[in-house]
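Here's the structure, in structure tokens; my notes come after.
The values are calculated or read from the model by the stated rules, or taken from the named source; none is laboratory data. No experiment lies behind these values; they were computed from the predicted model shown. Neighbour counts are summed over all protein chains in view; Cβ atoms, including those assigned to glycine, are modelled from backbone coordinates with ideal geometry. We work out accessible area using only protein heavy atoms, side chains counted, and drop any ligands, DNA or RNA first. Shrake-Rupley method; radii C 1.70, N 1.55, O 1.52, S 1.80 Å.
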Amino acid sequence: MDNNEKAIVRTLLYSDVFDYPLSEDEVWKFLISDKNINKRLFESKVKKINSIVFRKEGLLYIEKKELAVSKRIEKFTHSQKKINIAYKTIKKLFIIPSVLFVGISGNLSMMNAEKKDDIDLFVVSKKDTVWITRLLLIIYLKILGKHRKRTDRNVSDKICLNMIVDEENLSLPKKLRNLYTAHEVAQLRPVMQRGNIYQKFINSNEWIKKYMPNVIRESESQGIEESRKSLPKVLSELILRFTFLENLAKLFQRMLIKRNLTREIIEDKIIALHPKDYKSIILAQYRERIAKYGL
């Protein structure tokens with residue numbers, strides 16, 4: 001295999017960790033390569049590569065993984081129902097004035113969710129409001145009956161606030177910069193925003209091109225609904241102007257989170273709640289597949 005074919009296989013091996021075959025367009029968008037590849041050459045290679053790559057229903061998958069195609073189709077049905085729930089809920093969340101952007105992350109962003117799965121959200125908040133934003137989101141989600149608690153056993157269709165970042169801290173910290181996080185950024189499904197914050201987020205994380213050179217360009221074409229919904233002006237100003245509310249919200253929540261703190265990131269400008277080290281698990285499985293095929 002030449003370098004172009006190897007990039008295609010590496011991309012399919014990564015998606016294989018999730019039992020998730022890809023279309024040709026998806027292979028191009030999420031192509032794992034340390035350099036730019038000419039699209040015309042890619043299109044030629046992806047149509048001809050067949051040594052360990054197979055096709056079914058317009059999807060590409062690694063040898064002996066034909067069942068993954070039917071799994072993806074089945075998960076798409078479950079995901080469609082969850083997407084509808086997520087969109088309706090997210091639009092309601094923009095009543096909170098410090099919410100600038102909400103997107104769907106995790107398996108659901110790739111339409112690869114199982115019926116039992118929850119719904120992961122990625123949020124950007126206004127400057128210096130990460131903690132008050134999280135608290136208000138949790139309260140509102142509880143009112144809607146959609147908040148996922150740590151102790152919940154049945155989490156299907158519940159909302160998990162996976163990560164919240166400050167608008168002045170859009171570039172993810174260096175300790176998170178790896179293929180796993182790059183893919184999480186790349187597959188983020190934007191739903192609603194104020195201003196052009198999603199594109200600012202993507203532009204602030206150009207480091208992902210080190211892993212997937214096509215993502216930034218492909219992300220520019222995504223349409224996102226703009227929100228003008230908010231609380232009455234007096235309440236909005238109270239939330240956005242009084243920093244003591246942010247400090248109180250931070251003190252209260254940090255106290256609760258620290259009781260069960262594992263791998264979470266809880267800082268002034270970013271809250272990332274990942275109690276299980278999925279990154280290490282996924283990357284280890286990916287490296288095993290890479291080694292198996294000598295890539």
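Give me the accessible area per residue for the stretch 23-159, probe 1.4 Å, as a whole number in Å².
50 Å²
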Practice problem: Please report the Cα spread of the stretch 1-83 along all three principal axes, rounded to whole Å, starting with the longest. | Solution: 39, 26, 19
Practice problem: Return the aspartates and glutamates within reach of LYS210: Cα separation strictly under 20 angstrom, same-chain partners fewer than 8 residues apart disregarded; answer none if there are no such residues. | Solution: ASP2, GLU5, ASP25, GLU26, ASP34, GLU184, GLU218, GLU220
Exercise. For LEU41 paired with GLU288, estimate the spin-label separation in nm (one decimal), with each label point 7 Å from Cα along the Cα-to-Cβ line.
Key: 3.4 nm
Self-check item: Model label zone, GLU74; criterion: amide N under 16 Å from point 7 Å along Cα-to-beta-carbon; scope the stretch 3-38
Solution: 18-21
Quiz item: Got a sec? Charge dipole of the stretch 153-247, +1 on Cβ for Lys and Arg, -1 for Asp and Glu; which of VAL191, ASN214, PHE242 is way out at the positive end?
Solution: ASN214
Self-check item: Around ILE164: net Lys/Arg minus Asp/Glu count, Cβ-Cβ under 10 Å
Solution: +1
Quiz item: How high is the FRET efficiency between ILE265 and ASP152 when r is their beta carbon distance and R₀ equals 25 Å, given to the nearest 0.05?
Solution: 0.70
Quiz item: Relative contact order, percent, of the chain when contacts are C-alpha pairs under 8 Å separated by at least 6 residues?
Solution: 22 percent
Practice problem: With volume of the Cα convex hull per residue in Å³ defined as stated, name the option among (1) 158; (2) 280; (3) 130 computed from the structure displayed. | Solution: (3)
Quiz item: To the nearest 20 debye, what is the magnitude of the charge dipole of the stretch 1-120 about its Cα centre, counting +1 on the Cβ of each Lys and Arg and -1 on the Cβ of each Asp and Glu?
Solution: 280 debye
